[in-house]
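Worksheet: one structure, shown below.
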Amino acid sequence: MSFDASARPPTLVAPPVRPDQKAAIRARLDDHRQARQDQFKAHAFADPHNSDLDPGARMRLLAVVKLTLVEIDQALLRVDDGSYGFCVGCTKPIPTERLLAIPYASHCVPCA
């Protein structure tokens, strides 16, 4: 028997996000995605000789931005499948305050 970590347990009946909120959440995530894409482009295509960052710091920054883009894309998928707002670790709802601060958060604070 295999374990599918992405499967939602049957106890989750209704997501904490109402259908009428999905558009606003998607727009917020899209705004964050665009900001990270702009940040990536600014550092990836900048002249390394005119940069305030040393090459190692620049590469680390780009890696973090790429990871954030992946997290945002995963959050958009969770909006579509109805699991947005639930912790992928313990399946409990993620507090609204956390989602307001980090709209692409996939874990509640204890699981993070």
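A few notes on this one:
- Looking only at residues of the stretch 1-42 that are among the polar types (S, T, N, Q) and in a helix (DSSP H, G or I), we find that the one that is modelled with the lowest pLDDT is GLN21.
- Residue within the stretch 66-79 that is more than 15 Å from the chain's Cα centre (by Cα) and surrounded by 12 or more Cβ atoms within 10 Å (Cβ to Cβ) present: no
- When the stretch 58-87 is filtered for residues that are part of a loop (DSSP other than H, G, I, E, B) and in contact (Cβ under 8 Å) with a residue 60 or more places away in the chain, the ones remaining, listed by number, are GLY82, SER83, TYR84, GLY85.
- Some residue of the stretch 53-64 being crowded, with 16+ Cβ neighbours inside 10 Å and within 29 Å of LYS22 (Cα to Cα): no
- Residues being surrounded by 13 or more Cβ atoms within 10 Å (Cβ to Cβ), under 14 Å from the mean Cα position of the chain (by Cα) and not hydroxyl-bearing (Ser, Thr, Tyr) - total across the stretch 85-112: 12
- GLY82 vs. criteria on the phi > 0 side of the Ramachandran plot and surrounded by 13 or more Cβ atoms within 10 Å (Cβ to Cβ): yes
- Being more than 30 Å from GLY82 (Cα to Cα) and either surrounded by 11 or more Cβ atoms within 10 Å (Cβ to Cβ) or in contact (Cβ under 8 Å) with a residue 40 or more places away in the chain (or both) holds for only one residue in ALA46, ALA35, and it is ALA46.
The values are calculated or read from the model by the stated rules, or taken from the named source; none is laboratory data. Since this is a predicted model, take the numbers as computed values, not measurements. Glycine gets a Cβ as well: all are built from the backbone with ideal geometry, and neighbour counts include every protein chain shown.
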